[in-house]
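The values are calculated or read from the model by the stated rules, or taken from the named source; none is laboratory data. Computed from a predicted model, the values in this text were never measured in an experiment. Virtual Cβ from ideal backbone geometry, glycine too; neighbours counted across all protein chains shown.
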Amino acid sequence: MNDFLPQASEIASKVDALAFALLVVSLLFSLAIGAFLIFFLVRYREGSDVDRTNPLIDRPSLEVVWIVVPTLIAGGLFFWSADLYTEMLDTEEQAVEIFVLGKQWMWKVQHPSGKREINHLHLPADTPVRLTMISEDVIHSFFLPAFRVKRDVLPGRYHYLDFRPTKPGDYHIFCAEYCGSEHSQMRGTVTVMPPSEYEEWVSNSEAPSVARGETLFNTHGCRSCHRPDSPTPAPSLEYLFGKDVTLEDGRTVSVDENYLRESILLPNEKVVAGFEPIMPTYQGTLTEEEVHSLVLYLKERGKAAGP
Amino acid sequence: MKSYLNKETTLASWLFTTDHKRIGVLYLLSITFFFVLGGVAATLMRLELSTPTPELMIADNYNKLFTLHGTIMVWFFLIPSIPNVFGNFLLPLMLGTKELAFPKLNLLSWWVYMGGAFFTLWAIVSGGVDTGWTFYTPYSTTYTNSHVILMAAGIFVVGFSSVFTGINFIVTIHSMRTPGMTWGRLPLFVWSLYATSLILVLATPVLTITLLLVALERLAGFGIFDPSLGGDPLLFQHLFWFYSHPAVYIMILPGMGVVSELITCFARRPPFGYKFIAGSSLAIALLGFFVWGHHMFVSGQSLYAGLIFSFLSFLVAVPSAIKVFNWTATLHKGRIRFSSPMLYALGFIGLFTIGGLTGLFLAALAVDVHLTDTYFVVAHFHYIMVGGMVMAYMGALHFWWPKMTGRLYYEPLAKLSALTIFAGFNLTFFPQFILGYLGMPRRYHTYPEEFQYLGSGLLASLALSHLVAVEGRKVRGESVACRRTGVEDHLSTAGG
């Protein structure tokens with residue numbers, strides 16, 4: 001079975017262990033019910049000569065047993081699975097962040113070094129990885145069966161997938177959410193390589209994503225307002241990432257990647273208190289890849305100069 | 001002998017009848033048509049999937065076939081199957097009344113069903129829909145070029161039919177029980193119809209509104225679900241599953257009610273734990289409203305929402321388990337007769353147990369992340385919907401066929417059918433659990449070669465051909481007085 005379904009991530013063997021426990025519970029229940037069924041069916045078949053006096057009609061104590069026992073077992077399985085799920089969603093600080101864009105019908109990947117690929121994802125082994133994923137059109141789902149992880153990829157917001165690949169090799173990428181005509185062709189390969197090989201593979205002559213973001217920041221007019229001595233008042237972008245800001249209507253939002261993205265594309269939705277809604281939208285001007293590079297640049301700037 | 005079947009013989013006397021038995025028969029004919037249509041779609045899909053590459057059709061046609069199969073089987077076969085055929089026919093007889101509370105509303109319900117059927121057939125004839133039965137946005141509202149509006153109209157209309165039937169059953173059960181027929185004495189089938197009707201009335205309007213919103217966004221560009229218009233695609237999933245998860249229980253509760261009757265009848269003893277079987281139907285109906293989020297564990301709902309929905313989904317397994325235990329205990333010290341309806345009922349218990357237990361895998365958050373949207377899910381819900389509901393429906397059809405028609409079928413063949421369907425079903429769907437765990441996604445027209453050995457399409461068509469054969473054979477059944485215990489005394493009164 002392992003040839004078909006390798007355990008290529010840290011979480012994979014833990015998921016399989018839980019699934020195996022579920023299988024054992026299922027088999028025990030099936031065998032118990034099956035045994036009773038067959039025993040009764042044979043013993044009490046029409047024409048058999050057995051004692052049928054005082055059949056059980058009601059026995060509340062028995063009902064209590066078969067309500068309480070399944071509830072306890074279900075409760076135990078719930079806690080196990082909830083714990084593992086929480087572990088799956090944990091983010092590691094040092095994760096390699098890779099951008100994945102889903103569109104009908106392909107996966108486009110951009111590494112922090114600026115290296116890009118389509119329907120293929122190269123990853124370093126034994127290194128935490130975080131995929132930042134968004135769709136350009138409909139809902140897709142990024143599914144790596146060998147890693148036992150999956151996450152829907154939505155238009156309009158970033159979703160993340162955290163995992164740690166362990167075993168070098170080539171594995172499937174599937175789109176698991178039906179997305180139109182060529183849904184079943186939206187497949188690819190994930191290649192896990194030793195970290196040193198990945199470093200070599202990922203280095204290239206292109207500008208890294210953050211640098212691309214800086215170029216965009218300078219060429220698309222962002223800098224003309226978002227600078228300290230600007231005649232047009234605009235919020236400073238220094239020290240910003242990860243902070244809470246208060247909006248005009250009194251709400252507080254946390255400055256994360258989704259908020260930065262929304263502020264570039266729909267700038268007048270959540271205007272920071274004390275500023276005028278005068279920023280033009282960049283919807284249709286910037287691609288999702290460009291917006292993400294800008295977000296990375298802003299994030300880097302917000303963090304680097306932080307107090 | 002005159003009965004409800006031949007007291008009047010004109011076409012109009014059938015099409016405009018307010019007789020609950022005749023309306024039951026009208027539904028039987030209509031849903032049989034759709035059952036065959038949905039079955040043909042499934043057969044074509046399975047044939048296409050027998051090889052990993054496109055053979056019979058292009059991707060668009062495959063996508064339309066699985067949409068057609070799902071839509072028709074859910075709304076035009078499974079939801080109306082047992083309630084509208086056997087509920088209509090039997091509810092007044094079981095309560096000891098002559099009619100349902102609103103006979104004209106009952107007729108309207110059938111006509112509205114046919115109206116919905118008309119839109120759906122229109123959608124199919126004009127080229128079909130390729131969204132899947134789930135109509136996920138923004139694909140359904142913005143991206144597909146297929147006939148979403150027509151198909152949605154069909155489902156929108158048929159929803160009213162469900163609500164009418166639900167209201168009719170609830171009022172009838174509350175107000176028209178014969179003296180002495182107290183709540184504590186209601187047949188278990190009636191209890192299951194009562195629970196089903198509550199869901200029909202409470203959940204269906206949510207679907208109706210959701211489809212209306214899809215149509216408004218598609219036709220008029222209202223930004224409700226599409227983020228590029230300022231909407232939220234997850235809102236659609238919440239609304240859709242708020243209806244569609246309870247709808248799963250609409251599709252299984254009546255089957256459980258039938259099985260409670262069949263087991264009791266053929267064990268020839270009173271049911272074990274009557275109150276617990278009846279109460280668990282209500283518990284399922286209630287809990288069923290609070291587990292919709294388990295369809296969305298990877299969709300982006302919050303961690304805490306996921307935890308709560310997972311916990312409630314584990315809980316809903318308990319009332320289902322209660323039923324299985326009580327059915328088993330009902331066999332204790334019985335005098336068990338293995339007639340064909342009993343074989344279907346026993347098949348139901350086995351297949352429903354597998355379907356229910358595999359549901360635990362999907363309720364378990366961390367495992368669901370791997371399994372959701374794979375063939376494991378396909379296998380799981382077919383074990384409930386086909387292994388459960390269709391087996392119960394076939395059991396009911398055999399059990400009450402003599403009462404409904406005054407004819408008896410040929411028992412050895414009926415037994416053979418029950419066994420063949422049981423075996424064929426398992427051969428078709430059991431491998432899909434393994435296929436799904438290995439990672440094969442659902443709704444795939446083509447797939448990696450390594451999955452082929454588990455996906456044989458021939459077994460599916462084998463089981464299906466037997467389903468059709470059973471329908472055909474019964475229509476040719478001999479006209480004989482029914483000799484089966486417990487049935488003949490009703491026959492003389494069945495003509496009203």
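Of all residues in the range B:343-369, those satisfying the criterion of being free of Cβ contacts under 8 Å to residues at least 60 places away in the same chain and either farther than 30 Å from B:Leu413 by Cα or not in a helix (DSSP H, G or I) (or both) are B:Leu357, B:Gly359, B:Leu360, B:Phe361, B:Ala364, B:Ala366, B:Val367. Taking the range A:134-173 as the range and being within 13 Å of B:Val369 (Cα to Cα), at the interface with another protein chain (Cβ under 10 Å from one of its Cβ atoms) and of a type outside the set (Gly, Ala, Ser) as the test, the residues that pass are A:Phe142, A:Phe143, A:Leu144, A:Pro145, A:Phe147, A:Arg148, A:Val149, A:Lys150, A:Arg151, A:Asp152, A:Leu161. Each residue in the range A:50-85 was checked for being over 17 Å from B:Arg269 (Cβ atoms) and of a type outside the set (A, V, I, L, M, F, W, C), and 10 of them qualify.
Specify the residue that is nearest to the other protein chains (Cβ to nearest Cβ); the eligible residues are those in the range B:259-318 that are outside any helix (DSSP H, G or I) and under 23 Å from the mean Cα position of the chain (by Cα).
Taking the candidates together, the pick is B:Met296.
Look through the range B:123-141, keep the residues that are in a helix (DSSP H, G or I) and crowded, with 20+ Cβ neighbours inside 10 Å, and return whichever of them is nearest to the other protein chains (Cβ to nearest Cβ). Here the residue is B:Tyr139.
Filtered by the rule that a residue be over 23 Å from B:Ala278 (Cβ atoms), assigned to a helix (DSSP H, G or I) and facing chain B (nearest Cβ under 8 Å), the range A:37-63 gives a lone residue, A:Leu41.
Conditions tested, residue by residue: (1) within 30 Å of B:Lys333 (Cα to Cα); (2) exposed (fewer than 13 other Cβ atoms within 10 Å of the Cβ); (3) not β-branched (Val, Ile, Thr).
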| position | (1), (2), (3) |
| --- | --- |
| A:Phe4 | no, no, yes |
| A:Val25 | yes, no, no |
| A:Phe29 | yes, no, yes |
| A:Ser48 | yes, yes, yes |
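The listed residues are A:Ser184, A:Ser209, A:Ser141, and the only one of them that is within 18 Å of the chain's Cα centre (by Cα), among the polar types (S, T, N, Q) and surrounded by 18 or more Cβ atoms within 10 Å (Cβ to Cβ) turns out to be A:Ser141. Taking every residue in the range B:166-195 that is under 22 Å from B:Leu78 (Cβ atoms) and pairing it with any residue that is acidic (Asp, Glu), at least 6 positions away or on another chain, the pairs with Cβ-Cβ distances below 6 Å are B:Phe189/B:Glu261. Selection within the range B:337-365: residues that are surrounded by fewer than 24 Cβ atoms within 10 Å (Cβ to Cβ) and over 22 Å from the mean Cα position of the chain (by Cα). The member of this set that is nearest to A:Leu18 (Cα to Cα) is B:Phe338.
Residues checked against (1) more than 14 Å from chain A (Cβ to nearest Cβ); (2) under 22 Å from the mean Cα position of the chain (by Cα); (3) under 28 Å from A:Glu182 (Cα atoms):
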{"position": "B:Ala42", "(1), (2), (3)": "yes, yes, yes"}
{"position": "B:Glu48", "(1), (2), (3)": "no, no, yes"}
{"position": "B:Glu55", "(1), (2), (3)": "no, no, yes"}
{"position": "B:Pro103", "(1), (2), (3)": "yes, no, no"}
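Do we find that A:Ser61 is polar (S, T, N, Q), more than 29 Å from B:Phe225 (Cα to Cα) and surrounded by 19 or more Cβ atoms within 10 Å (Cβ to Cβ) in this structure? Considered against the rule, which asks whether it is polar (S, T, N, Q), more than 29 Å from B:Phe225 (Cα to Cα) and surrounded by 19 or more Cβ atoms within 10 Å (Cβ to Cβ), A:Ser61 comes out as no. The single condition among (1) more than 14 Å from chain B (Cβ to nearest Cβ); (2) touching a helix residue (DSSP H, G or I) at 6+ places or on another chain (Cβ under 7 Å) that A:Gln94 does not satisfy is (2).
Residue check: B:Pro412 meets all listed conditions (1) under 30 Å from B:Met1 (Cβ atoms); (2) in contact with a Gly (Cβ under 7 Å, 6 or more places away or on another chain) but one, namely (2). No other residue among A:Leu123, A:Leu101, A:Leu31, A:Leu131 is more than 9 Å from every other protein chain (Cβ to nearest Cβ), in contact with a helix residue (DSSP H, G or I) (Cβ under 9 Å, 6 or more places away or on another chain) and either under 30 Å from B:Phe309 (Cβ atoms) or small (Gly, Ala, Ser) (or both) apart from A:Leu101.
Screening A:Ile57 on (1) under 26 Å from the mean Cα position of the chain (by Cα); (2) modelled with pLDDT under 95 shows it passes everything except condition (1).
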